[in-house]
Structure formats: structure tokens, C-alpha cells
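S.K.: Quick one: this structure, given as C-alpha cells, is what I'll be asking you about.
The values are calculated or read from the model by the stated rules, or taken from the named source; none is laboratory data. What you are looking at is a predicted structure, and each value in this text was computed from that prediction instead of being measured. Positions of Cβ are backbone-derived with ideal geometry, glycine not excepted, and every protein chain shown enters the neighbour counts. For the accessible areas, the whole protein counts, side chains as well, though only heavy atoms, and no ligand, DNA or RNA atoms are used. Shrake-Rupley method; radii C 1.70, N 1.55, O 1.52, S 1.80 Å.
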Amino acid sequence: MKRTTGCFILFFFLSCFQPSSAQTTITNPILAGYYPDPSICRVGKDYYLVNSSFSYYPGLLIFHSTDLVNWQPIGAALNRPEQLDLSGLGVSMGLFAPTIRYHKGTFYLVCTLVGKAGNFVVTAKNPSGPWSNPAWLPQVKGIDPSLFFDDNDKAYIVFNSSPPDNKPLYPGHATIRLYAFDEAGLKTTGEETILVNGGTDITKKPRWIEGPHLFKKDGYYYLLCAEGGTEYKHSEVVFRSKTVDGPYEPYQKNPVLTQRQLNPDRKYPVTSTGHADMVSTPDGRWYAVFLGCRPYSGDLYNTGRETFMVPMQWKDGWPEILPADAAVPYTWTMPGAAVKNPIDGFSGNYYFRDAFKVGPLNMRYSFLRTVTMPWYTLNNKRGGLDMLVRPQTCSGKENPSFIGFRQAHAKGQAAISLTFSAAAENEKAGLLIFQNENHYYFLCQSVQNGLPVLQLYKGPGNAHAADAPELLASKNISRLLKDQKLKITANGAVYSFYYSDEGGKWVLLKGDVDAKFLSTAVAGGFVGCMYALYATSSGKPSFNKARFNWFEYKGDDDSFKK
Ligand code: 6LW
């Protein structure tokens, strides 16, 4: 018997005899890197979680867990071009804030395709797919739709919408509205009802009531919403009513989750928390998932809005996610004997390496916008990924030759091995760190004056968005390597860019490059940064291709080393 198999059997044997008081440790964020607006549901012993995916493709990746500790993607709901056309959309447009629910043998996802046709629902019998084509919901005018299946065979959709009569009384004035939902016809029915106008107390001009989810417990309908905007002042508030269409009273102790009042100088802050969803276990424990951010200083983060989870309490008939003044914990324990799989995780300082030997492409990667033609292939036996060098660029709004992997740690690194020979100066292939169309750094191999060269480009930024990228550094190389390694290290507010020399040693091309340029505070939008395998012929035709021999990612955040 192989040693690993023996160890596994021993481990299995031991875990069967864990005392019932065994505790499992959860590490926050449970999904590090840009995984905002989480929605969660349970079916029996299985939990499913989904996040916004914006203009990345495929859309709405579904995560599965049986223990709330190990999460693995099982499939994307929108992975056929006929379901989702993201062409022409900026990276922070597209799919906003989905909700996943299950009812009588069918999974439902409701979501908004911002910048195109608006709200829709898709269904599946198996959450890993296939999911249906979208059924559009033209009556639902707003964002953040959520479904609720009542215990009397009625169903409802709640969502964020404009202020009454479209007349805002102050900036950020919004409403939460409700429609009855016909689950067989996949459409809204009847009249729209406003459940919440403005927020918890309209006299205080609450901003951006949104992300609603409706629940029923012990005879009350609970409406859980985000309030305060998705940035630093973000929070979660709750309302309840005896009848589904209101009136809803706000909880006296709102917000039930926020970090905005905490000391900004605390160590390893988690900020901007809100946009929560709740789930109960078969034995009646309740947990909340929500988005939060981990700045490296001030309000600066490149990792986007991430998914966190905490245990929550019901007090006097109200749900409380975190006690007032409590900081979101980086680790906490729950009953159970689950063991975190150290390989291929999504939390803590994980390590990921891919030599592209097994197809299809790992579900952790994302494309920019809908892929409509096959421009990459995996060499399953020998390894390596071949990518066509195509005219589309990461500055445009089409689908470039781009395969992205989230920057999930303020401190960490990504590296590639490349085999590439540029036929012209416009052909470039390498490793990109990308926030949006104007905010990126591209470490690449190309050719200049007939000689191979390594280059570092910087995106034009907002002020000069129409400009070409700026060349920050360049280094002629004496001969092409079959294994040209390129590496980007992140250390909070700076990135450093490296290449390997002929002996395979790392050499710094340019260090301490401004990483704040790719932070949400500077670049804007709703996404975090992506490292990407990327090749482009900069708008001109090309018949070339680049081979990526492997990709490697390593997280090294101090907050996880405590
Ligand atoms: C989402 C809204 C929000 O629709 O940000 O944080 C928007 N909350 O609810 C995009 O993620």
C-alpha cells in the first residue's frame, strides 16, 4: 500500500473516533480575494455559495461545502455564450450580487446583468449545472434581487430600487421593493410594494439600502439589508414584519454588523463589512456570510471585497451577526471535526501551482468577458498552456487572451514560465496584474529593434485613459529562453517585478512600483486585482502563440501567521 493511502486510512480511522466536542477552525476570509456579495443556501447537508462576477467569465461560480470549512467550485451558472454576453462592458459592470436559493428540487439564481438586459433568474436541478438560459424579469427595475419561498407555496422577489417616484430626497436615497414571484412561469406577478423607504430611519438620510434577503422564522418575516454603501461605512441592518408585504419595523439595535466605528489603527483591520446572507445548519446553528475588505494601510486594498463568515445569534427574536464593537475574527471555531484541506484552498496563505497537465482549465481562473472562440489549449500530457496572440487588449472591452487568477493576499507573489518568440514589436506575452482597463502593470516579453526584450508597462490610469500604456522598464536579453520565468511580488503598497536569467536565477527588473495605483480607492469599481496569463498583438493581426509552461501563486499575509 502506498504510504499516502496508509496515512489517509489512519487519518480516517482517527477522525471517526473524534470526541463529539471536537472543534473546527474557520479562517476568515473564507474566500480570499475578490469574492463580494456572497449568497448562501443549504440543501440537506450541502451548502452552496455564490458571488458577484461582474464582467469576468464564466459568470456566477458556485462553491460547495459539506462542512462550511472546505469550499470548492463545482461549476459556473453562466458558462455558455448564449446565456451571457459580456462584450462591451467595463470590468465592474456585468453580473452584480446574485442570490442562490433551493425550493422543491430546483435551484434558483437571481441576479442583475448591469449595463445590459437587467434582472433575470436561472434554474438548475443540479447546482453544478447545466443551468437554464436566463428568464428576464423586466418588472424588476433595480439591482440585488433575492428570492424567498414562503411556507404557503407563495414566492417573492425583493430588490433594491430607486426612491419613490424617482425623486431622491438626499444622495443615496433608495428603496427595497417586493413582487410576488411565479416560480413555474419564472416571472413576477401583481403589483410592486415598497417595503423600506430610505433605510432604518429616513430622518437620518440613510444611504444605499440594498442587498435585501427575506427569511421567515417563528412567525416573523425578516428582511436583512445592507446600508451605508459598499465602502468604509458599509453595514448590515434588519427589519421584521408579521406579514410579507409589511409594514417592516427596524431593529432597535441596528446595525447588526459593521466595522465603521472601530479604531482605524487596529492591527489587521477588516473593513467595509455588509451585504450579508444567513444560513442555518441541520442542528439549528446560524451563520452569516458577508463581504469585507482587508486594507494594507488606510482604506487601500488591491484584493477587492472578500467573503467572510461568522457564527450569529438570535436575541429576543432578532438576528445579530456581530456584537457592537466586535472586530471580525480572523479565526473562530465551530463544533465538528472537519479538517481543512491544505491543497487548493481559498483561505489563509495558500499555495497554488498549475502545470496545465490536467484539463479542463481549473475553475479558479477567470476570463475577461464572454469567450466565444477557442484561443487557448492545454497540452494535457506534456503540460503547458498555448495561447493565441490576438489583437484584443486588456484596455479594450472585448475578450482578450487573458486568464486571470485573483490576487488574494496583500503580500504574496505570482510567477509564470513562458516560451515565446515575438514576431514583431506589437506582440507581447507575459504576466499581468490587472484591476481594470486603465489600471494594470504588464511584465512581458517582446522584441525591440529585432532583439528579444523584457518590458514592464503601466496602464494609463484615469487621467490619461486614452493614452497608450507607459513603458516603465526594459531589459534586452541575449537569447530566448524556453523557460523564461517572470514574477510579480506584492507587498502591500508596492509590487516588484522579476525575470529569470540564463542560469534560472531571479533578477529584479523594477522594484517598489506603486501598488496603490491598482487599489480600489484609486482605480475604483467593485472588483479586486487579478494576476493574468496574457498575450496580445496590441490591435494588429497576428498568427503567433505563447506557451505558458506553468503558473504559480503564493500568499504570505502576516495576518494569517499569528
Ligand atoms: C452590489 C451592491 C453592493 O450590487 O455592491 O456591496 C454592488 N454591495 O449590493 C456590486 O457588488
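S.K.: Anything in region 222-250 that is away from the ligand (no atom under 16 Å from the Cβ), of a type in the set (S, T, Y) and farther than 17 Å from A288 by Cα? List them, or say none.
M.R.: Selection gives S241, T243, Y248.
S.K.: Quick check, is D153 away from the ligand (no atom under 16 Å from the Cβ), part of a helix (DSSP H, G or I) and either free of Cβ contacts under 8 Å to residues at least 12 places away in the same chain or not aliphatic (A, V, I, L, M) (or both)?
M.R.: Spelling it out, it is not the case that D153 is away from the ligand (no atom under 16 Å from the Cβ), part of a helix (DSSP H, G or I) and either free of Cβ contacts under 8 Å to residues at least 12 places away in the same chain or not aliphatic (A, V, I, L, M) (or both).
S.K.: While we're looking at this one, here's another question. Considering only residues of region 205-221 that are at positive phi and loosely packed, with under 15 Cβ neighbours inside 10 Å, which is nearest to the ligand (Cβ to nearest atom)?
M.R.: Looking at residues that are at positive phi and loosely packed, with under 15 Cβ neighbours inside 10 Å, I get K205.
S.K.: Looking at N462, is it polar (S, T, N, Q), closer than 20 Å to D386 by Cα and in a loop (DSSP other than H, G, I, E, B)?
M.R.: no
S.K.: Is it true that G274 is small (G, A, S) and assigned to a strand (DSSP E or B)?
M.R.: Yes, satisfied.
S.K.: Being part of a strand (DSSP E or B) and surrounded by fewer than 16 Cβ atoms within 10 Å (Cβ to Cβ) is the filter here; which residues of region 97-122 pass it?
M.R.: Once the filter is applied, which keeps residues that are part of a strand (DSSP E or B) and surrounded by fewer than 16 Cβ atoms within 10 Å (Cβ to Cβ), region 97-122 yields only T106.
S.K.: Can you name the condition, by its number, that I26 falls short on among (1) in a loop (DSSP other than H, G, I, E, B); (2) away from the ligand (no atom under 16 Å from the Cβ); (3) open to solvent by less than 30 Å² (accessible area, probe 1.4 Å)?
M.R.: Going through (1) in a loop (DSSP other than H, G, I, E, B); (2) away from the ligand (no atom under 16 Å from the Cβ); (3) open to solvent by less than 30 Å² (accessible area, probe 1.4 Å) one by one, I26 breaks only (1).
S.K.: Please specify each residue of region 275-297 satisfying the condition of being touching a residue at least 12 places away in the same chain (Cβ under 8 Å) and away from the ligand (no atom under 15 Å from the Cβ).
M.R.: Within region 275-297, M278, V279, S280, T281, P282, R285, W286, Y287, R294, P295, Y296, S297 qualify.
S.K.: Another question, then. In the list G90, G172, which residue meets the criterion of being open to solvent by less than 10 Å² (accessible area, probe 1.4 Å), small (G, A, S), over 24 Å from V43 (Cβ atoms) and touching a residue at least 40 places away in the same chain (Cβ under 8 Å)?
M.R.: Every option except G172 fails the conditions.
S.K.: Name the one entry in A408, A429, A423 that is under 26 Å from C293 (Cα atoms) and small (G, A, S).
M.R.: A408
S.K.: Out of all the residues in region 252-261, is one or more more than 19 Å from Y34 (Cα to Cα), open to solvent by 10 Å² or more (accessible area, probe 1.4 Å), over 26 Å from the mean Cα position of the chain (by Cα) and touching a residue at least 40 places away in the same chain (Cβ under 8 Å)?
M.R.: Yes, region 252-261 contains a residue that is more than 19 Å from Y34 (Cα to Cα), open to solvent by 10 Å² or more (accessible area, probe 1.4 Å), over 26 Å from the mean Cα position of the chain (by Cα) and touching a residue at least 40 places away in the same chain (Cβ under 8 Å).
S.K.: Okay, moving on. Only one of Y232, Y248 is among the hydroxyl-bearing types (S, T, Y) and closer than 21 Å to P163 by Cβ; which?
M.R.: Y248
S.K.: Determine whether N126 is without any contact (Cβ under 8 Å) to a residue 40 or more places away in the chain and either within 16 Å of the ligand (Cβ to nearest atom) or of a type outside the set (D, E, K, R) (or both).
M.R.: Spelling it out, N126 is indeed without any contact (Cβ under 8 Å) to a residue 40 or more places away in the chain and either within 16 Å of the ligand (Cβ to nearest atom) or of a type outside the set (D, E, K, R) (or both).
S.K.: Name every residue in region 288-309 that is in contact with a helix residue (DSSP H, G or I) (Cβ under 7 Å, 6 or more places away or on another chain), of a type in the set (A, V, I, L, M, F, W, C) and buried (at least 24 other Cβ atoms within 10 Å of the Cβ), in order of residue number.
M.R.: Scanning region 288-309 gives no hits.
S.K.: Suppose we filter S128, S146 for residues that are among the small types (G, A, S), assigned to a strand (DSSP E or B) and modelled with pLDDT of 95 or more; which single one remains?
M.R.: After ruling out the rest, the residue left standing is S146.
S.K.: Among the residues of region 298-326, which ones are of a type in the set (D, E) and without any contact (Cβ under 8 Å) to a residue 40 or more places away in the chain?
M.R.: D316
S.K.: Can I ask one more? For the structure I just gave you, tell me whether N462 is within 27 Å of G33 (Cα to Cα) and open to solvent by 80 Å² or more (accessible area, probe 1.4 Å).
M.R.: yes
S.K.: Something else: Among the β-branched types (V, I, T) and surrounded by 24 or more Cβ atoms within 10 Å (Cβ to Cβ), is that true of V43?
M.R.: No.
S.K.: Further question on the same structure: Has region 192-204 got at least one residue that is surrounded by 18 or more Cβ atoms within 10 Å (Cβ to Cβ), assigned to a strand (DSSP E or B) and within 15 Å of the ligand (Cβ to nearest atom)?
M.R.: Yes: one or more hits.
S.K.: Based on this model, can you work out whether N133 counts as over 30 Å from E398 (Cβ atoms), over 19 Å from the mean Cα position of the chain (by Cα), at pLDDT 95 or above and in a loop (DSSP other than H, G, I, E, B)?
M.R.: So N133 fails the test.
S.K.: Let me ask something else. Just to be sure I understand, how many residues within region 428-445 are open to solvent by less than 10 Å² (accessible area, probe 1.4 Å) and either more than 30 Å from Y296 (Cβ to Cβ) or polar (S, T, N, Q) (or both)?
M.R.: Adding up the residues that qualify gives 2.
S.K.: Additional query: Can you give me the ranges of the strands (runs of 3 or more DSSP E) entirely in region 466-537 with at least 2 residues that are crowded, with 23+ Cβ neighbours inside 10 Å and either touching a residue at least 12 places away in the same chain (Cβ under 8 Å) or touching a helix residue (DSSP H, G or I) at 6+ places or on another chain (Cβ under 8 Å) (or both)?
M.R.: Qualifying strands (runs of 3 or more DSSP E): 484-491, 494-500, 530-536.
S.K.: Are there any pairs, at least 6 apart or on different chains, whose C-beta atoms fall under 6 Å, with the first in region 95-117 and in contact (Cβ under 8 Å) with a residue 60 or more places away in the chain and the second open to solvent by 10 Å² or more (accessible area, probe 1.4 Å) and basic (K, R), and if so, which?
M.R.: Y108/R101
S.K.: Those residues that are not hydroxyl-bearing (S, T, Y) and not in a loop (DSSP other than H, G, I, E, B), I need them from region 342-383; list them, please.
M.R.: Listed by number, the residues that qualify are F352, R353, D354, F367, L368, L378.
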